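Quick notes on the structure that follows.
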């Protein structure tokens, strides 16, 4: 009856064009003998075709902005969603997770170098903007000892931080924007030393610039913005440095300062 | 994984999600969750491995989680509960099942495989790998899914959500 041992699997593989030419020929010979199966096969082929006609148009639809942003820049997307007024609290939770994973992805390149087993360490890594915001919150309200080394010893500060971080770091000059250097300090990062510079304007409004070298290996990013409680943070990765500028001032003003910092710190 | 590679996979993820869930917003939510989880698990992705398969498996697992939590409306049909077709004779001319609602009537595990085969044109072996099931299971679900879809489309198994067309 079925000398070629054509199985149900063969019929499906025939429908999906997954057979060798030889087997294909055998299935065709079989189908010529068994019209009921031939009808079934035709129906299945029609299903494939109909499903493609029905859903292929989705391929050509423009990607919704939030998905595009999330694919391109996970953090940016998460922040954009935050602005949407109809955000559900469930989404807010996911947003927090999104922010975290976005920043984690920043260190992924470095982790991929094989220095560490990511599974062991990912959970302990705090994202750049959060580290910076926490450091800002801890040190900027301190009236008496906001910094370890004050601005009047700037040369010593630069020398010390350069030595500890292993790469040249120096505070940008922000006097033109009304912010004078208060000083700086060394802090523990995720896996080693990071630097914090503190600035202050005429009204004693403080701003901190967090400088880390823990993002080596990651390609540069544009400015990214995050908000941690009252603290606004602009941060970016450039060359061997990750920077985060934190203050509780308006986003626009902070962006202006961030741009100035960026311009001054550019190696080129 | 870089953003460009990820972006190129997005349209296919959306197509599959749309076909699986039917609803556009729910589908895009699922894609979004998939992306977020992908970024979160980026360390598990090995450069040079198949990004598409990885993303699809993330989406599959998310969906399994959601179904388990009962987040999504789902048909919890027993696979064999409806395998005895009965012909509806009284309303053949009035009720024609359209493909999309027919698809909704397939159990998730059948619809999923049918779509991976038809839309993604994945090999049976790749699907087995993706879903973590034996190839034999892929084949039997594909076979049942196709046959059930055929019966529904033929009006031999009319069910609740029929669409009336003139």
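The values are calculated or read from the model by the stated rules, or taken from the named source; none is laboratory data. The structure presented is a predicted model; accordingly, all values stated were derived computationally and were not measured. Note that we place each Cβ from the backbone using ideal geometry, even for glycine, and neighbour counts take in every protein chain shown.
Per-structure values
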quantity: Single unsatisfied condition, residue B:54 versus (1) surrounded by 21 or more Cβ atoms within 10 Å (Cβ to Cβ); (2) over 16 Å from residue A:68 (Cβ atoms); (3) modelled with pLDDT of 90 or more; calculated: (1)
quantity: Matching residues in region A:12-39 - criterion: being within 14 Å of chain B (Cβ to nearest Cβ) and not in a helix (DSSP H, G or I); calculated: A:16, A:17, A:18, A:19, A:20
quantity: Candidate set: region B:105-127, residues that are part of a helix (DSSP H, G or I) and free of Cβ contacts under 8 Å to residues at least 12 places away in the same chain; chosen: the one nearest to the other protein chains (Cβ to nearest Cβ); calculated: B:118
quantity: Lone unmet requirement of (1) closer than 18 Å to residue B:113 by Cβ; (2) within 12 Å of chain A (Cβ to nearest Cβ) for residue B:53; calculated: (2)
quantity: Yes/no for residue A:158 being under 20 Å from residue A:265 (Cβ atoms), more than 14 Å from chain B (Cβ to nearest Cβ) and modelled with pLDDT of 90 or more; calculated: yes
quantity: Unmet criterion (only one of (1) more than 39 Å from the chain's Cα centre (by Cα); (2) within 14 Å of another protein chain (Cβ to nearest Cβ)) for residue A:55; calculated: (1)
quantity: Output for region B:6-25, where each listed residue is in contact with a helix residue (DSSP H, G or I) (Cβ under 8 Å, 6 or more places away or on another chain) and either under 17 Å from residue A:62 (Cβ atoms) or outside the structural domain of residue B:51 (by TED's automatic domain parsing) (or both); calculated: B:6, B:7, B:9, B:10, B:11, B:12, B:13, B:14, B:15, B:17, B:18, B:24
quantity: Residue in region A:179-194 that is at pLDDT 90 or above and not in a strand (DSSP E or B) present; calculated: yes
quantity: Residue among A:189, A:252, A:242, A:178 that is surrounded by fewer than 16 Cβ atoms within 10 Å (Cβ to Cβ) and touching a residue at least 12 places away in the same chain (Cβ under 8 Å); calculated: A:178
quantity: Odd one out for residue A:155 among (1) part of a loop (DSSP other than H, G, I, E, B); (2) over 22 Å from residue A:248 (Cα atoms); calculated: (1)
quantity: Which numbered condition residue A:58 fails, given (1) touching a helix residue (DSSP H, G or I) at 6+ places or on another chain (Cβ under 6 Å); (2) modelled with pLDDT under 90; (3) assigned to a helix (DSSP H, G or I); calculated: (2)
quantity: Number of the condition not met by residue A:242 [criteria: (1) more than 30 Å from residue B:43 (Cα to Cα); (2) touching a strand residue (DSSP E or B) at 6+ places or on another chain (Cβ under 7 Å)]; calculated: (1)
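Let's see how each residue does on (1) under 18 Å from residue B:135 (Cβ atoms); (2) surrounded by fewer than 17 Cβ atoms within 10 Å (Cβ to Cβ):
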{"site": "A:16", "(1), (2)": "yes, no"}
{"site": "A:22", "(1), (2)": "no, yes"}
{"site": "A:31", "(1), (2)": "no, no"}
{"site": "A:34", "(1), (2)": "no, yes"}
